[in-house]
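Values quoted throughout were computed directly from the atomic coordinates according to the rules given, and no laboratory measurement underlies them. As the structure is a computational prediction, the values presented were derived from the model and not from experiment. Here the Cβ positions follow ideal geometry from the backbone for every residue, glycine too, while neighbour counts run over all protein chains shown.
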Amino acid sequence: MIASGNSLRQATAIAQAIQEDLEIQKIIQKIKSLSKVSPNDESGWIALDYASVIAHSFYKPVREFYSLEGLWSDAKKIRVIAPKR
């Protein structure tokens with residue numbers, strides 16, 4: 001999964017929300033996290049490893065620079081819409 005924010009803070013908030021939501025789900029589905037979000041991360045690229053799924057949260061310019069979509073251009077694309085809270 002690849003997501004991006006318009007600021008470093010927003011990219012970190014996206015990663016933290018993914019982590020928090022999956023920690024809640026872990027109780028039910030036994031999802032094992034192999035990584036954690038550092039609250040002071042300023043790299044612009046946060047990767048959350050859940051073994052069979054890796055979630056990438058980018059600061060938008062960093063996402064454009066690394067262009068993961070180009071590396072995975074032959075992979076099936078699925079658009080995910082966030083649930084209403």
> Just for the stretch 2-71, what percent of DSSP beta bridges are antiparallel, to the closest 5?
Replying inline: 55
> Mean residue ellipticity at 222 nm from the helices of the chain, using -39,500 (n - 2.57) per DSSP H segment of n ≥ 4 over the full residue count, to the nearest 500 deg cm²/dmol?
Replying inline: -12000 deg cm²/dmol
> If you rank Val62, Val80 by fewest surrounding Cβ atoms within 10 Å, what's the result?
Replying inline: Val80, Val62
> Which far-off residues, 5 or more places away or on another chain, put their amide H under 5 Å from the one on Gly5, with H placed in the peptide plane?
Replying inline: Ala11, Phe58, Tyr59, Lys60
> Residues in the stretch 40-61 near a label at Gln29, defined as backbone nitrogen under 18 Å from the 7 Å Cα→Cβ point?
Replying inline: 48-57
> From the Cα gyration tensor of the stretch 6-70, with a ≥ b ≥ c the square roots of its eigenvalues, which class applies: rounded if a/c is under 1.5, or else prolate if a/b is larger than b/c, or else oblate?
Replying inline: prolate
> With contacts defined as alpha carbon pairs under 8 Å and 6 or more residues apart, what's the relative contact order of the chain in percent?
Replying inline: 34
